[in-house]
Amino acid sequence: MKSMFRVLAIFALATPAFADSHAAGDADAGAKTFGRCKSCHMIANGDQVIEKGGRTGPNLYGVIGRQAGTAEGYSYQKSIVAAGEAGLVWDEESLTKYVADPREFLREFLDDSKAKSGMSFKLKKGGADVAAYLARVGPEVAPADADATEAPADSDS
């Protein structure tokens, strides 16, 4: 009986670590899942095309760390622009929630039951993986609190 409790205790202690290790997406799996996004989205850094895709959605290069509704050359729905103006900056977690149900995400974020998204597709599974992939292929993003932790530059030297 004691050994059974030990096993249960080990699982109980290991479960949070296991859950945390799987909370972040798998960028390699996301590269494959991104194939479902390519009908509308491309990933391109200037002339460097990382993923050739459609143009009905915004270019997703640099989406992680970008204010929502601000990609150059794309005309967004009012709700996504309002979300960006209200402080939505895409990170892996928020993007994962958004792609699962874009309209519901915006309605909750904006507390507006009439909010609409231009993205009608819902990625119920694999959103965290796609977000991890987009983070990997995009420019390096400084942590949100980096400014608060960096020492101020000495301009008198």
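No value in this document is a laboratory result; all are computed from the given coordinates. Keep in mind that what you see is a predicted model, and the values were worked out from it rather than measured. Methodologically, a virtual Cβ is constructed for each residue, glycine included, from the backbone with ideal geometry; neighbour enumeration extends over all protein chains shown.
Couple of notes before you dig in:
- Among 47-53, 105-111, 64-70, the order from most to least packed when residues are scored by Cβ within 10 Å on average: 64-70, 105-111, 47-53
- Amide H contacts of Val89 (H built 1.01 Å from N, in plane; Pro and chain starts excluded): Ala68 sit under 5 Å, all sequence-distant by 5 or more or on other chains.
- Working from label points 7 Å from Cα in the Cα-to-Cβ sense, the Glu104 to Lys38 distance is 2.9 nm.
- Shape category assigned to the stretch 83-142 from the gyration tensor of Cα positions, a/c cut at 1.5: oblate
- Extending 7 Å from the Cα toward the beta-carbon at both Val89 and Lys125 defines two label points whose distance is 3.4 nm.
- Derived scalar couplings ³J(HN,Hα) [the stretch 130-136; Karplus, 6.51 cos²θ - 1.76 cosθ + 1.60; whole Hz; x for Gly, Pro]: 5, 4, 5, 5, 4, 5, 5
- Long-range HN-HN contacts of Asn45 with modeled amide H, under 5 Å: Ile50
- In order along the stretch 99-106, the Karplus-derived 3J(HN,Hα) couplings, from 6.51 cos²θ - 1.76 cosθ + 1.60 at θ = phi - 60°, round to 5, 5, 6, x, 5, 5, 4, 5 Hz, and Gly and Pro are given as x.
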